[in-house]
1. Suppose accessible area is computed on protein heavy atoms with a 1.4 Å probe; arrange Arg14, Arg33 from highest to lowest.
2. Just to verify a number: what accessible area does Glu21 come out at with the full protein assembly present, 1.4 Å probe, Å² rounded to tens?
3. May I ask you to compute the full-extension gain from Ala76 to Gln54, defined as 0.36 nm times their residue separation minus their alpha-carbon distance, rounded to one decimal in nm?
4. For labels at Val10 and Ala90 in the simple 7 Å Cα→Cβ model, what's the distance in nm?
5. Just to confirm the filter: which chymotrypsin sites (Phe, Trp or Tyr not before Pro) across region 72-101 are DSSP coil and have at most 16 other Cβ within 10 angstrom of their Cβ?
Amino acid sequence: GGNSGPTMEVVISRTRFMSNELKSSDSTTSPLRIVGLGSSIASARDVGDWMGVQNKSLFNFSQKARPSPLEIYFQAFEQSNYAGRLLAMAKPVYNAVERHLDGKS
C-alpha cells in the first residue's frame, strides 16, 4: 500500500484538535464536522469511535445495500518496490477490469 493510512490519521487528529481548541476558545463557533467516506471496512465502529463520531451518526451500509454484487479477484505482484509494483500492475489490472466489465460502462 501507500501512505494514506498514516496521512489520514494525522489529518483527522489535527482536525479534532483544532475543533476542540475552537470549542474551548469561542462558544459561538459552530462545531467542526468531519465527513469520512471510504471503502468497506470491518471495523467501521472502531474507526468512528476514534474519529469521535456518535453512534447515531455512523452509517455503515450492509452488503445488501449494494446496487450490484461485489466480486473479488486476486493477482499477485512480487515487486517489493512500491513504484515498480505500480508499473507492473498497470496493464494486468486494466486487462482484468476490461475482462470483468461485461459490456457495462
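1. Working: Arg14 165, Arg33 200 Å².
My answer, sorted largest first, is Arg33, Arg14.
2. 90 Å²
3. The Ala76-Gln54 span can extend by a further 4.0 nm.
4. Label at Val10, label at Ala90, 2.7 nm between them.
5. Hits after loop and neighbour filter: Tyr73, Phe74, Phe77.
The values are calculated or read from the model by the stated rules, or taken from the named source; none is laboratory data. Note that the coordinates shown come from a computational prediction; the quantities given were computed from them, not determined experimentally. Virtual Cβ from ideal backbone geometry, glycine too; neighbours counted across all protein chains shown. The protein model used for the area step is the full one, side chains on, heavy atoms only, and it has no ligands, DNA or RNA in it. Shrake-Rupley method; radii C 1.70, N 1.55, O 1.52, S 1.80 Å.
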